[in-house]
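Asks: Below is a structure I'd like to ask you about.
The values are calculated or read from the model by the stated rules, or taken from the named source; none is laboratory data. As the structure is a computational prediction, the values presented were derived from the model and not from experiment. All Cβ positions, glycine included, derive from the backbone under ideal geometry; neighbour counts span all protein chains shown.
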Amino acid sequence: MRTALNALTDELRRLKTTGIKSVSVSEAGLLALRSVIRSRQNSSSVAVNVTVPMRAITAPPMPVSKPKVVEPKLPAPPVVNLTAGDKAGRWAALVAAIQSDPVALAHLPPGKKIVCGTGNLDARILFIGDAPGLEEEAEGEPFVGPAGQLLTKMIGAMGLKRSEVYLASLMTWRPDATSPAASAPIGHRGPTDEEMRYCLPYLRAQIEIVQPTLLVALGSSAAQGLLGSSAFKALGEVRGEWREFSGCPLMVTYHPSYILRNQSNRSKRMIWEDLLKVMERAALPISEKQRAFFL
C-alpha cells in the first residue's frame with residue numbers, strides 16, 4: 001500500500017510541474033483514500049508520507065485536447081522555368097507542371113484535383129486567395145464555393161465579368177489536418193508558412209505569364225504569404241494600402257468569406273472602398289452610383 005501511495009504522490013507532483021493545479025477525484029474515492037491513510041497511521045509507528053493536497057471536484061473532468069498534427073517537413077520550393085512561346089502555350093505548360101507536382105499530389109485526397117489559377121491571360125487585375133476549399137479541390141478551380149460566388153458578384157459590381165480577370169490561389173492543394181498516418185481528415189486549417197513558400201514559385205510564374213496591372217490579396221493568409229508572416233499582426237494594419245509583390249502593385253483587402261460572416265453594410269463598405277482604389281488604379285470607369293455602394 002505504501003508503494004502505491006508513494007507512486008500516487010509522485011504522479012501528482014509530476015502533474016503539478018506541468019501546470020495542472022487540480023485533478024478530478026470522486027467523493028467516494030477521496031473518502032476511501034483518507035480512510036486508508038488514517039488506518040495506516042494508526043496501525044504503524046511509521047507515518048505514511050503523503051503531503052500533496054487533494055480536493056474533490058464536482059465539475060466535469062478537464063477535457064483532453066486532441067493531439068496536434070505535425071505536418072511533415074516539405075522539400076525546397078520548386079524551381080519554375082517557363083517555356084518560350086505565347087501566353088496560352090506557356091500557361092498550359094505551367095498547369096501541367098503544377099498538376100504533376102509530387103508534393104501537391106501527396107497531399108491530394110482520392111478523387112480530388114490540384115487547383116491552378118484560371119481566367120483571362122490578359123487580365124489587368126489578378127485576385128489571389130490563400131488556399132482552395134472543399135468545393136475548389138472538387139472542381140480544380142479557385143473561388144467556386146460560396147466565397148467565390150460572392151467574389152464573382154463583387155467583380156460584377158466593379159463593372160467586370162469573371163472571365164475578364166484572373167483568379168488564383170497561393171496554395172495548389174487544400175490544407176487539412178490529415179497526417180500521413182491518418183485514415184481520414186480530422187479538420188480544416190489554414191496554410192502554414194512553409195506550405196505557402198513551397199507553392200509561391202507557381203504563383204509568381206502565373207503572374208509573369210498574365211502580367212497584370214495590379215494584384216489584389218484577399219484575406220490575411222494570402223497577404224502574409226505574399227508579404228511575409230512578419231509584415232503585420234492584424235489585417236487591419238495593411239488593409240486598403242498599396243504594397244508590391246513580384247513587381248506589381250498589390251492591394252490588400254478582406255477575403256469574401258469575411259462578408260459571409262459579417263453581413264453588415266459597414267463590412268461591405270470596407271471591402272468596397274478597397275475595390276474602388278483598385279478600379280481607380282486600373283483606370284476603370286466609376287459611376288456615382290458605384291461610389292455610393294453600401295453607404
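Asks: So G156 passes all but one of these: (1) touching a Pro at 6+ places or on another chain (Cβ under 9 Å); (2) closer than 26 Å to E273 by Cβ; (3) not hydrophobic (A, V, I, L, M, F, W, C). Which condition number does it fail?
Replies: (1)
Asks: Does the range 249-282 hold any residues that are in contact (Cβ under 8 Å) with a residue 60 or more places away in the chain and not hydroxyl-bearing (S, T, Y), and which are they?
Replies: Initial filter on the range 249-282 (in contact (Cβ under 8 Å) with a residue 60 or more places away in the chain): 255-257, 259-260, 271-272, 275, 278-279, 281-282.
H255, P256, I259, L260, I271, W272, L275, V278, M279, R281, A282, listed by residue number.
Asks: Let me ask another. Show me the helices (runs of 4 or more DSSP H) entirely contained within the range 202-295 in which 2 or more residues are touching a helix residue (DSSP H, G or I) at 6+ places or on another chain (Cβ under 9 Å) and over 17 Å from A168 (Cα atoms).
Replies: Filter on the range 202-295 gives 256-261, 265-281, 288-291.
Asks: Would you check if T213 is at pLDDT below 95, assigned by TED's automatic domain parsing to the domain that holds A138 and surrounded by fewer than 20 Cβ atoms within 10 Å (Cβ to Cβ)?
Replies: So T213 fails the test.
Asks: Now, a different point. Restricting the search to the range 110-154, which residues are more than 23 Å from the chain's Cα centre (by Cα) and free of Cβ contacts under 8 Å to residues at least 12 places away in the same chain?
Replies: Narrowing the range 110-154 to residues more than 23 Å from the chain's Cα centre (by Cα): 119-125, 153.
The one that is more than 23 Å from the chain's Cα centre (by Cα) and free of Cβ contacts under 8 Å to residues at least 12 places away in the same chain: K153.
Asks: Among residues belonging to the range 231-259 that are over 20 Å from K153 (Cβ atoms) and touching a Pro at 6+ places or on another chain (Cβ under 9 Å), point out the one that is surrounded by the fewest Cβ atoms within 10 Å (Cβ to Cβ).
Replies: Going through the qualifying residues, I end up with W242.
Asks: Out of everything in the range 107-125 that is among the aliphatic types (A, V, I, L, M), at pLDDT 95 or above and not in a strand (DSSP E or B), what residue ends up being surrounded by the fewest Cβ atoms within 10 Å (Cβ to Cβ)? Before the answer, list the steps.
Replies: Here is the first cut: in the range 107-125, the residues among the aliphatic types (A, V, I, L, M) are 108, 114-115, 121, 123, 125.
From what's left, at pLDDT 95 or above: 114-115, 121, 123, 125.
Subsequent filtering for residues that are not in a strand (DSSP E or B) retains 114-115, 121, 123.
Working: I114: 20, V115: 29, L121: 17, A123: 19.
Across the range 107-125, the extreme among qualifying residues is L121.
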